[in-house]
Amino acid sequence: MKEKVRVLVVDDSALMRKLIPTHVVFNGKVGALTGVLGKLAKANINLVSLSAVTAGKRRYGMVFWVKKKDVARAARVLGAR
């Protein structure tokens, strides 16, 4: 029996215009991304979206989005420069 696949396409461009992407780059530590997410969670900052990648040779990166009202606080919590 063939399974049915439901595809939902949503125009979220209005939402994305309200968000500011923030990026974090890591070198070499497994679990480093979870540390960042833990800091944000402890500060009650919710992520709207997240994308993480690896470039091999223990290089990792992440782009995440928070609401505009949380950008300065997220930067402070993560010690952004």
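Couple of notes before you dig in:
- Count of the range 34-66 residues which are within 26 Å of Arg17 (Cβ to Cβ), of a type outside the set (A, V, I, L, M) and either in contact (Cβ under 8 Å) with a residue 60 or more places away in the chain or surrounded by 15 or more Cβ atoms within 10 Å (Cβ to Cβ) (or both): 3
- Qualifying residue in the range 37-44 (condition: modelled with pLDDT under 85 and within 17 Å of the chain's Cα centre (by Cα)): no
- The residue of the range 66-81 that is modelled with the highest pLDDT, among those that are touching a helix residue (DSSP H, G or I) at 6+ places or on another chain (Cβ under 8 Å) and under 26 Å from Ala14 (Cβ atoms), is Ala74.
- Residue list for the range 46-79, restricted to those being farther than 18 Å from Thr34 by Cα and in a loop (DSSP other than H, G, I, E, B): Lys57
The values are calculated or read from the model by the stated rules, or taken from the named source; none is laboratory data. What you are looking at is a predicted structure, and each value in this text was computed from that prediction instead of being measured. Here the Cβ is made from the backbone with ideal geometry for all residues, glycine too, and neighbour counts use every protein chain on show.
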